[in-house]
Structure formats: C-alpha cells, structure tokens
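Worksheet: the structure to be examined is printed underneath.
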Amino acid sequence: MAGQKNTSDIIEAYLRQLLEEAQVIEIKRADLANQFDVVPSQINYVIKTRFTASKGFDVESKRGGGGYIKIVKYQYSARHEFLTALYQKVPANLSSKAAHDIVQLLFDEKVLTEREGNLLLLVITDGAISPFTRGIMMKSIINRLDRDDEI
C-alpha cells in the first residue's frame, strides 16, 4: 500500500520522538530490536544511515552483552550561517597563513576567546602539519564550534 511506513521508518520515528523529549538518549540495541521484533543489525542500519553527523547527530555505540547506543542531537549555535559559510570556504589544502586568518576571524566574530584563539594557533599553524591535514583540522574545528553544547 502507498504511504505505508516500513520498519526502518517506524524505528527512526520512534527514536526522533525520544530525541524531542531529551537531547541525549541511551538505548539498548537488543531491547529496541525486541520492541520492534527485528534483528539488532536492523537497529544498526537505522542508526548508521539516519542518525549521521551530517544530519546533526553524534552516535556512540558499545557492542557486547551490555551494548548500548547513545544518540545526541546537536543544537546549532546562533552563528550557524556564518560558520557554515566559513566551513565551505576552507580549502582542502590550507596554508598556515590562511589558518591564522581564519582563527583571527573567529576571534573577531567572538566565536573564540583570545586564549582559545592563541591555543588553537599554536596547534593549527605548526609547521609539522601538512596543508591537507590543516584543512581537515580546521573544518573539524568549525563544525565543533557550530554546536551549541559545551565542549
């Protein structure tokens, strides 16, 4: 029938409902599989495909007898648009000078404190870091700064 939800959709909807009530949920994979009468691998599939970082979720998984899944829904910062635009402009190979400029901009926009900026500069402009690695690091930093929770 058209419009009928499959089991993965139902599991996703259930988890999203829990996340509306609490920003962080912890569930036992086996309990959830029993609740929906599916194999645990289907729970893994739903988590892996529908609760990704790019969709605003952080997932921590522990396998084994006491295995659980912890899902955290990101809350984005008030500067989300600025940080998203900045992220998109970071080149794959980021020079030390460009990294310095980005950190200065983050400080000027009051995204970083002076102390945080200076500490970040020590790491991100280090000559031992390749431009490619520096670009990856800067993108990770910007992504993390865009979340509204405390570090």
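Structure data summary
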{"quantity": "In Å, descending, principal axis extents of the Cα set of the chain", "calculated": "56, 31, 29"}
{"quantity": "Pairwise Cα inverse-distance average, inverted: Kirkwood Rh of segment 5-71 (Å)", "calculated": "12.0"}
{"quantity": "When segment 77-144 is reduced to its Cα atoms, the Kirkwood hydrodynamic radius in Å", "calculated": "11.9"}
{"quantity": "Calculated FRET value between Ala30 and Arg50, using beta carbons and R₀ = 30 Å, to 0.05", "calculated": "0.95"}
{"quantity": "Burial order of peptide ranges 95-107, 26-38 (average beta-carbon count within 10 Å, highest first)", "calculated": "95-107, 26-38"}
{"quantity": "Glu81-Phe132 FRET efficiency (beta carbon distance; Förster radius 35 Å; 0.05 resolution)", "calculated": "0.85"}
{"quantity": "Förster radius 35 Å - calculated FRET efficiency between Glu60 and Lys89, Cβ distance, rounded to 0.05", "calculated": "0.70"}
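Since every read-out is calculated from the coordinates, none of them should be taken as a lab result. None of these values were measured; they are calculated from a predicted model. Positions of Cβ are backbone-derived with ideal geometry, glycine not excepted, and every protein chain shown enters the neighbour counts.
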